[in-house]
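The values are calculated or read from the model by the stated rules, or taken from the named source; none is laboratory data. Predicted model, so just to flag it, every value in this text is computed and none were measured. With ideal geometry, Cβ positions are generated from the backbone for all residues, glycine too; neighbour counts draw on all protein chains shown.
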Amino acid sequence: MNKEEIIKKLKHLAREIEYHNNLYYNNDNPEISDAEYDQLKIENDKLEKKFPDLVLDNSPSKKVGAELISEFKKIEHKVPMLSLGNTFTKKDVENFIVKTKRFLQIDKSINLEFLAEPKIDGLSATLIYKNGKLDVGATRGDGRKGENITENIKSIEGIPLFLDGKFPSEIEIRGEIYMSNIEFEKLNASRLKNALPLFANPRNAAAGSVRQLDPKITASRKLGFFAYNWGVISENIGVTLLEIREFIKSIGFNLNHPVKLCSNLEQMIDFYKYIYENRSKLDFDIDGIVYKLNDISFYDRLGSTDHSPRYAVSHKFPAELGITTLRNVKFQVGRTGAITPVAELTPVTIGGVRIKRASLHNKDEIHRLGLVIGDTVSVKRAGDVIPQIVDYNHKLRPLKYENISFPEYCPSCGNPLKIDKNDPIIRCLNHMSCKEQIVGQLIHFVSRNAFNIEGLGEKQVIELFNTKLIREPADIFALALPDAIIKQEKILSLPGWGKLSVTNLINSINKSKIQTLDKILYSLGIRHLGLGTAKLITKNYTSSADLIDRILGLDEDNKYKLINELENINGIGEKVIISLISYFKENKLLFSNLLKYLTINESLFSADTSHYLYGKRIVFTGKFEHLSRTEIKNKSEKIGALISSQISNKTDFLVVGLKPGSKVNKAQQLSVNILTEKEFLSYF
Ligand code: AMP
Ligand code: ZN
């Protein structure tokens, strides 16, 4: 046997042993006898003894039990992992094609080739291979940063630990981790037997299985991986998507299938319909089709929005419907005071998920639908969206029924509700003392995208509020102070809390104290102030202190200063400004109380103004050798350079890579400084 054959054999044994480990350790039924299992281990040991320098990193001989990962580390994606734009109708798809051609300045009559692929309903993951060896695996996370799940995914069958054939020294493969329908059924059946909570669908099951701190649990769940995308690659691996897919397959991955190369809209829609009708024959869940340009030279030109790339779009399958009865309508008070009618339904299973409630949005929606209590209704569920009532069957309306009447007083605080003719949403304006609003704001404050305080979920926030331990965000931090023993003991005395959970809570509160100002503002739950908007505002000030001073100094006389500054920010509209001003009119004290506990992370302002490239206008052309286009752009933006796509006489530098375009001539004409990649990088 030569070296390659030995490695191959070792890899094979490692997988085989792993596979039987799972069957064995998790009390499923082992497929082989103990003796046969031992034989495999012996064979492995023998080879390893003979060739000690070929022992695999993940060798079964190194695994004594499974190591426990204490917490997932975060991994920054060099190329962001984005979502996809959605389309639902043929017209939407057509518009997408038109827009794409317009963007690329391609004549309408010319056909673009799109590859149509199934959109797998799983968990996306990225896998980085260095010199052919799996180095890191990570989840999509928030698109910029994911969780390091390397240990967990090593047991997944479709994820090779070593690449086959010829491959670039660094290659990042992206795709979907999924659970087959059969495995999903099996898993739920065994959970049912063991009185464990069931997974709602294969996607949740796959995600829940991967995000396990104990890789042994992941290994016990049979998962698969389909590759369909890539991140950073050190060499060119093809010029069309089809070519690249072939390459990805050649190095040992399974591709999502079936796919079809389409050269016009009709072919795309035919494929969509065909797969929709035949999807039950696939053994994995899909929620639509993805169309991607086949010519990847367009990808860089098209670029992406914050949310999704422009070279692809998904065509979602219609939502699934369920029929049930409307038992009652309850009125909830949201954190901004909006009163939302919530339909209580006789439980029904739609697409594998048990549905008990549906949103009715607002008063108009109830009118539009013309519902009464007792109606037989059809309920729609699409992906993660809150289920909605779409219709009722008038033939099945009971003879005696109850109308739905909208309350005149807040169901939480009893204040009269303000009905504004122009606003379909009815609100309780008692923001300062309406319990459901205050609690709702606190729940938002600790939630994942806000302060992300682990151990404080909805239930705990309500509990701590009811026992008067917290009333505003600052109180949460007061719980974790070293001298807050009495408060901590009070928590400890509540049902369900133990010493460990209290300690963990204190730790996670303390851990969350360092935040960027945009995050802090977003966490306050100000109406219309999303994370993006908060960031935009914050970045327009030179430091956190600047903006904070402005807010804390806000009074009737000088509010116009702030309004004026906000109005001058491109992308900030009137709604946000009004909401922000009126929020801080009432909540200045809440904000300053909170700030006392926090340390502001100034990274938003970290661009070093003394950096040579700070504020310089830069244009890139050609392919770069050392970094991808996105990386080089990100790097430049970080230090405060301004990137544009066209040369003008305002441009400071044109950075030229391999095979540059016509921009070089233009730069010369306009006497713009030209830098090579190397020269440019030397400024960092
Ligand atoms: P969404 O779930 O709406 O954010 O859609 C984007 C996600 O679809 C991506 O992040 C991937 O996880 C997933 N996806 C599944 N199949 C594909 C595919 N064939 N191509 C691209 N993305 C896919
Ligand atoms: Zn109220």
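Matching residues to (1) crowded, with 18+ Cβ neighbours inside 10 Å; (2) more than 16 Å from ligand 1 (Cβ to nearest atom); (3) not assigned by TED's automatic domain parsing to the domain that holds L369:
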{"site": "D391", "(1), (2), (3)": "no, yes, no"}
{"site": "R397", "(1), (2), (3)": "no, yes, no"}
{"site": "N403", "(1), (2), (3)": "no, yes, no"}
{"site": "K421", "(1), (2), (3)": "no, yes, no"}
{"site": "V439", "(1), (2), (3)": "yes, yes, yes"}
{"site": "S447", "(1), (2), (3)": "no, yes, yes"}
Legend entry - Selection from the range 381-420 of residues that are farther than 16 Å from R368 by Cα, within 16 Å of ligand 2 (Cβ to nearest atom) and in a loop (DSSP other than H, G, I, E, B): P407, E408, C410, P411, S412, C413, G414, N415, L417, I419, D420
Inset, instruction - Please work out which residue is surrounded by the most Cβ atoms within 10 Å (Cβ to Cβ), limiting yourself to the range 238-248 and to residues that are in contact (Cβ under 8 Å) with a residue 24 or more places away in the chain and more than 28 Å from the chain's Cα centre (by Cα). - result: G238
Legend entry - Out of L500, L536, L481, sole residue that is surrounded by fewer than 19 Cβ atoms within 10 Å (Cβ to Cβ) and not in a helix (DSSP H, G or I): L481
Inset, instruction - Would you mind finding the one in F199, F184, F225 that is in a strand (DSSP E or B) and within 21 Å of D287 (Cα to Cα)? - result: F225
Legend entry - So G231, is it touching a Pro at 6+ places or on another chain (Cβ under 7 Å), in the same structural domain as G143 (by TED's automatic domain parsing) and not in a helix (DSSP H, G or I): no
Inset, instruction - Determine, yes or no, whether T542 is in a helix (DSSP H, G or I), among the hydroxyl-bearing types (S, T, Y) and not assigned by TED's automatic domain parsing to the domain that holds V439. - result: no
Inset, instruction - Sort out which residues of the range 264-318 are away from ligand 1 (no atom under 14 Å from the Cβ) and of a type in the set (S, T, N, Q), and write them in order of number. - result: N264, Q267, N278, S280, S297
Inset, instruction - Determine whether the range 648-664 contains at least one residue that is crowded, with 16+ Cβ neighbours inside 10 Å and touching a Pro at 6+ places or on another chain (Cβ under 9 Å). - result: yes
Inset, instruction - Test S378 against the criterion of being modelled with pLDDT under 95, of a type in the set (S, T, Y) and within 16 Å of ligand 2 (Cβ to nearest atom), and give yes or no. - result: no
Legend entry - Sole residue being touching a residue at least 40 places away in the same chain (Cβ under 8 Å), part of a helix (DSSP H, G or I) and surrounded by 13 or more Cβ atoms within 10 Å (Cβ to Cβ), chosen from I453, I526, I520: I520
Inset, instruction - May I ask you to list the residues in the range 301-341 that are assigned to a strand (DSSP E or B) and within 16 Å of ligand 2 (Cβ to nearest atom)? - result: K330, F331, Q332, V333, A338, I339, T340, P341
Legend entry - Identity of the residue in the range 285-323, among the aromatic types (F, W, Y) and under 21 Å from E631 (Cβ atoms), that ends up surrounded by the most Cβ atoms within 10 Å (Cβ to Cβ): Y311
Inset, instruction - Tell me, yes or no, whether the range 82-95 has at least one residue that is modelled with pLDDT of 85 or more, touching a Gly at 6+ places or on another chain (Cβ under 7 Å) and part of a strand (DSSP E or B). - result: no
Inset, instruction - Please go through the range 421-432 and pick out each residue that is farther than 15 Å from Y583 by Cβ and near ligand 2 (Cβ under 8 Å from one of its atoms). - result: C428
